[in-house]
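The values are calculated or read from the model by the stated rules, or taken from the named source; none is laboratory data. Because the structure is a prediction, the values reported are computed rather than measured. Using ideal geometry, Cβ is built from the backbone for each residue, glycine included, and neighbour counts are taken over all protein chains shown. These accessible areas exclude ligands, DNA and RNA; they are computed on the full protein's heavy atoms, side chains included. Shrake-Rupley method; radii C 1.70, N 1.55, O 1.52, S 1.80 Å.
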Amino acid sequence: MLFNSLHFLIFLPIVFLLYFRAKEREQKIILLVSSLYFYSALKLAFLPLLLSSLFFTYYTSLKIEKADKLHQRRFWLIICLVSNLSLLLFFKYTDFLRSIYYDSLYLFGLRPSNSFQALNLVLPLGISFYTFQAIAYAVDVYRRQIPSEKNFFKFTLFLVFFPQLVAGPIIRASVLIPQFLGRKEFKRENFITGMEIMALGFFKKTIVADPLSGLIDPVYADPASFNGISNILAMALFSIQIYCDFSGYSDIAIGTGKILGFYIPENFRRPFLAASNTEIWTRWHISLSSWLKDYIYISLGGNRVSQFRNYYNLMITMVIGGIWHGAAWTFFFWGLLHAVFLAIERFFIGKGWSVFFQRIPRPIGILYTFSLFSLGALFFRSKDMGSVMISLQKAFTFADGKMVSLPYAVLIPVALLIIYEIFEESSFTIPKTFFYETLKNVTVLTVLILCFLIYSVTVSPQFYYFQF
């Protein structure tokens, strides 16, 4: 089920009504049934894969905890990792690995018996997210940071919790599982706050991201036909689009969880107001960034090693983050490019340039960071490396071509969002007067009604991260 659909806007009030009228055990049953229905409504055929990951992770984690010897714990952890990653590798990376194999044969002058034909396997929805969530749980049990969850019902709720099941945030077991204790009461303040967060998410996705997608998709489909300015604008506007699209999903997930009485950690914290490459990764896709740091970067040695090894660890971590997003060389180089940006910044700070960076006016730092991020976004969005090269050639030579149009109906929502984020970043607070509360409630209601009408007459594009 898509958040941005009439189906969801009808489904959610029904869940709320049944959930808050139920007793404690019934609440958990309603939550489980709702989660399984939510996922099955997207594609029922994918449900067995989700359940297989669930069973493997539950069983192996119990074995990890019971094992007395280190090699036994490692054995069961490896079984868990292989069982989860094999599904991800098969469905997501089969064609990519096969293409590398065929390219390697040609590189060494060998001629394969048949030409490469993509299998085009359908990617199960949410597999990248629930696989990483399951792996984090098993590793935490292995590290003795948390006990394995003995209650299978509660563990199932942890892995299939519908607000964040398909596209995150990736929630740690230590955060979510304890929240399944006790009965959840309806709280007016949770409902109001949750609806505000959800309305912001719907605004980002439907009012900002979707129209931006319609503007820049033609540029990425045929960058050679557009001029240099259009290609540069496409890079910048795609950064805004992907932010609004994905953070919009996270906001709807967080708001839904809030109403149900659950705390879901924030996944984005106004990333385009970051003034350095290091800072933006503490604000962008926070749950994945922290996952990569805790389970890849630190496992490799983090910064407790030589400078060269530290850069190597950083590169491996960011490349894995890039490949996690998609099975293509564009994502590989996206991760590598950001690793280079981070390494250069870290090198100069290590050489005592931190005072110099602190003296740079923050607006310049923000522009610098956004520009580099948008350059990386070109790799993220382009269909192949050939398209990347064409876009770069057009952008840096200011070549002629068609000009992308920028209607006010698209620019005004973007401007409103920028003003809102700057205001949220500042320490200034508006007194909560009757007028202010009324205006806020009317705005929330207007956004929700507008989205309801849009979803009633047309199909909103699926969230961009669903393809990952």
State the percent of C-alpha pairs, over all pairs in the range 177-336, separated by a distance greater than 21 angstrom.
-> 60
Cross-link table Lys23/Lys293; Lys154/Lys204; Lys28/Lys187; Lys154/Lys383; Lys205/Lys440, entries beyond 29 Å C-alpha to C-alpha = Lys23/Lys293; Lys154/Lys204; Lys154/Lys383
In a shell of Cβ-Cβ distance under 14 Å around Leu49, excluding Leu49 itself, what net charge do Lys and Arg (+1) and Asp and Glu (-1) give?
-> +2
The size of the Cβ-based charge dipole (Lys, Arg +1; Asp, Glu -1) of the range 317-461 about the Cα centre, to the nearest 20 debye, is 240
Stokes-Einstein diffusion coefficient of the range 90-241, Kirkwood radius over Cα pairs, 37 °C, 0.692 mPa s, in µm²/s = 160
Using the Cβ atoms and a cut-off under 11 Å, what net charge is assigned to the surroundings of Leu300, where Lys and Arg are +1 and Asp and Glu are -1?
-> +3
Under DSSP H, which helices of the chain have Cα atoms covering 20 Å or more of the helix axis and a Kyte-Doolittle average no less than -0.5?
-> 6-21, 24-42, 47-66, 70-107, 127-142, 188-202, 228-260, 307-325, 329-348, 362-381, 408-425, 434-457
Just report the Cα centroid separation between the range 435-468 and the range 110-188, whole Å.
-> 27
Provide the packing ranking of 101-110, 195-204, 324-333, 407-416, i.e. peptides ordered by the mean count of other C-beta atoms within 10 Å per residue, highest first.
-> 195-204, 324-333, 407-416, 101-110
Of the accessible area of the range 216-311, with the probe set at 1.4 angstrom, what percent is carbon plus sulfur?
-> 61
Positive end of the charge dipole of the range 44-109 (Lys, Arg +1 and Asp, Glu -1 on Cβ, about the Cα centre): tell me which of Thr60, Leu81, Ser99 has its Cα farthest that way.
-> Thr60
Portion, in percent, of the accessible area of the range 357-419 that falls on carbon or sulfur, probe 1.4 Å | 72
Give the dimensionless ratio obtained when the Cα radius of gyration of the range 346-468 is divided by 2.2 N^0.38 Å.
-> 1.53
Size descriptor, Kirkwood hydrodynamic radius, that averages inverse alpha-carbon separations across the range 322-411, Å = 15.6
How big is the Kirkwood radius of the range 90-172, worked out from every pair of different alpha carbons and given in Å to one decimal?
-> 15.8
Net charge dipole size for the chain [Lys, Arg +1 and Asp, Glu -1 on Cβ; Debye, nearest 20] = 1300
Rounded to the nearest 500, what is the chain's calculated 222 nm mean residue ellipticity when only DSSP H runs of at least 4 contribute -39500 (n - 2.57) each, over all residues?
-> -22500 deg cm²/dmol
Which value in Å does the Kirkwood hydrodynamic radius of the range 281-337 take, with 1/r averaged over all unlike C-alpha pairs and then inverted?
-> 11.5
Against the globular-protein guess of 2.2 N^0.38 Å, express the Cα radius of gyration of the chain as a ratio, rounded to two decimals.
-> 1.02
